[in-house]
Amino acid sequence: MLSIFICHFLPGARRRRRAAAEASVLAVIEASHGGLSAMQIQEATGIGIGVLYLVLDELEESGKISGVWMNEPYPRRRIYMKR
C-alpha cells in the first residue's frame with residue numbers, strides 16, 4: 001500500500017524539481033553577460049549534467065533560450081543565451 005502511495009505522488013515531485021531546475025537555469029543565463037556553456041551553467045546551479053541537458057533542450061525547444069555552436073576555443077562547445 002505504501003508503494004502505491006509513493007508512486008502516486010512521484011510524477012508531481014519530478015515536475016516540481018524540473019520546474020525548479022528550469023528556473024535556476026534561466027536565472028543563471030539571464031544574469032550572464034553573453035552566453036554560457038553547459039559546464040558553466042552546471043557549476044553555477046549544481047544541477048546534475050544529465051538533468052541539465054534535458055532542461056536546456058526543453059528550454060531551447062520552447063524558445064526561451066537559444067544555443068549556438070562555438071568552434072573556438074577548442075574543444076567545440078554549445079553556448080546558451082537568453083532569446
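Within segment 29-40, the set of residues being out of contact with any strand residue (DSSP E or B) (no Cβ under 7 Å at 6 or more places or on another chain) and surrounded by 12 or more Cβ atoms within 10 Å (Cβ to Cβ) comprises Ser32, Gln40.
A search for C-beta distances below 6 Å between a residue of segment 23-39 that is without any contact (Cβ under 8 Å) to a residue 24 or more places away in the chain and within 11 Å of Lys64 (Cα to Cα) and any residue that is β-branched (Val, Ile, Thr) and assigned to a helix (DSSP H, G or I), counting only pairs 6+ apart in sequence or on different chains, returns nothing.
Scanning segment 58-80 for residues that are assigned to a strand (DSSP E or B), surrounded by 15 or more Cβ atoms within 10 Å (Cβ to Cβ) and of a type in the set (A, V, I, L, M, F, W, C) returns Ile65, Ile79.
Bear in mind that the values in this text are calculations on the coordinates, not laboratory data. Predicted model only: the values in this text are computed from it and were never measured. As a convention, Cβ positions derive from the backbone with ideal geometry for all residues, glycine included, and neighbour counts pool all protein chains shown.
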